[in-house]
Amino acid sequence: MSFNSMFSAAEISSSGMSAERMRMEIAANNIANSRSTRAGGKGPFRRQQVVFETAMSGALQGGQEASPQLGGVRIAGVTTDSSPLPKVFNPGHPDADKEGMVTMPNVTLPFEMVDLVSASRAYEANLKALSTFRKMAEQSLSLLQQVR
């Protein structure tokens, strides 16, 4: 077992924590803009979502296919939700059309809260895995010191 592969568990957990942190930031941004009818001059804010992809390494070695090594997760990008924007009757709003309808963002607060809780739990699970790995490494080093 190489020295680098010993720490792959820590790297995987770390990549998961980083990805889930980004997911929480995007959900918080969605909540903050849930009533924004003007987003950068482009009309109402549109909900954003984080897209993850698995990080694999060792796909090719010396021109031959090798067994892929797990490398955690990485953020493939942030996409904009293209679902329809709801319209609300509010004739006094500055962005109301002639019929008094205001186009609102496509952010649903309960969905965003579920995303936040889910991302928070996934972050905690990765943190626990990292903590367990650290404890195991410390115990291994302690055993190696006792052998000498």
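The values are calculated or read from the model by the stated rules, or taken from the named source; none is laboratory data. Remember, predicted model here, so these are calculated numbers, not experimental data. We place every Cβ from the backbone using ideal geometry, glycine too, and count neighbours over all the protein chains shown.
Laid out as a table, the results:
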| read-out | value |
| --- | --- |
| Verdict on E99 being of a type in the set (D, E) and in a helix (DSSP H, G or I) | no |
| Per-region count, the stretch 38-57, residues outside any strand (DSSP E or B), modelled with pLDDT under 90 and either among the hydrophobic types (A, V, I, L, M, F, W, C) or crowded, with 17+ Cβ neighbours inside 10 Å (or both) | 1 |
| Within the stretch 118-137, tally of residues that are out of contact with any Gly (no Cβ under 7 Å at 6 or more places or on another chain), under 17 Å from S8 (Cα atoms) and surrounded by 15 or more Cβ atoms within 10 Å (Cβ to Cβ) | 4 |
